[in-house]
Structures are given as structure tokens and as C-alpha cells.
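Below is one structure, written out as C-alpha cells; comments come after it.
Just so it is clear, none of the values below were taken in a lab; they were calculated from the coordinates. As the structure is a computational prediction, the values presented were derived from the model and not from experiment. Cβ sites come from the backbone with ideal geometry, for glycine too, and all protein chains shown count toward neighbours.
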Amino acid sequence: MEHAVATRTEIEAEVINILQPLVSEEAGDNAEITESAHIVDDLNIHSIRLVDLVIELEDAFNIKLKDSDMKTLMGTVGNVVDLVSARISAK
């Protein structure tokens, strides 16, 4: 489902909504999803869950992520928000 998202704050909120179920499955409900949280190290999202994250982000924001974006997606939540913002702006 595509969302009309304009501001960085709205993008961040939607990215956190997308991450929440993935994080709950992998790191438990106590994991804190903040802009500085590291996707792999803090939130324990690896391999197939990263693929799930890509699919969810592409669907939610109606964007296409590239293979070269994977390094960014394995960074912090803030990195992911910036990447999504850039892809939305590039449309």
C-alpha cells in the first residue's frame, strides 16, 4: 500500500512502523527503535529480514531500492530514513 509521505518526520514514523514487526520477531519487544539504532547490531535484522525490509519499504513508499543500497540498509534507522527520502525526492 502506497503512502503519501512528504516530511522526514513522516518518513521516519513510517520506517519505524515497518521495522516494528521485524524487530519484534528478531530482537524482541524490548528493542528500542530510534534513529541511531543500528539495523543489524541493535535491532538484529539479518539476511531474509533485510529482504523483507526492502520489500516493505518499496511497497510503502512506491520506490525502488538498488543492490548498492544494501550497505545503507544495514546502517542505522536514520540512514534508512535518509535513503528513503532521497529515493522519494528522485522520483
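Annotation for segment 19-76: trypsin sites (Lys or Arg not before Pro) lying in DSSP loop with at most 15 further Cβ atoms inside 10 Å of their Cβ are Lys64, Lys66. The modelled label-to-label distance for the pair Lys66/Ile88, using points 7 Å beyond Cα in the direction of Cβ, is 2.1 nm. Our Cα-only numbers for the chain put the radius of gyration and Dmax at 11.9, 36 Å. Counting only alpha carbon atoms, the long axis of helix 8-27 and the longest principal axis of the chain meet at about 30°. Here the 3J(HN,Hα) profile of segment 83-91, calculated from phi with Karplus coefficients 6.51, -1.76 and 1.60 at θ = phi - 60°, is 5, 4, 4, 5, 5, 5, 5, 7, 6 Hz, Gly and Pro shown as x. For Thr76, the residues whose amide H sits under 5 Å from its own are Ile39, ignoring neighbours fewer than 5 places away on the same chain, with H placed 1.01 Å from N.
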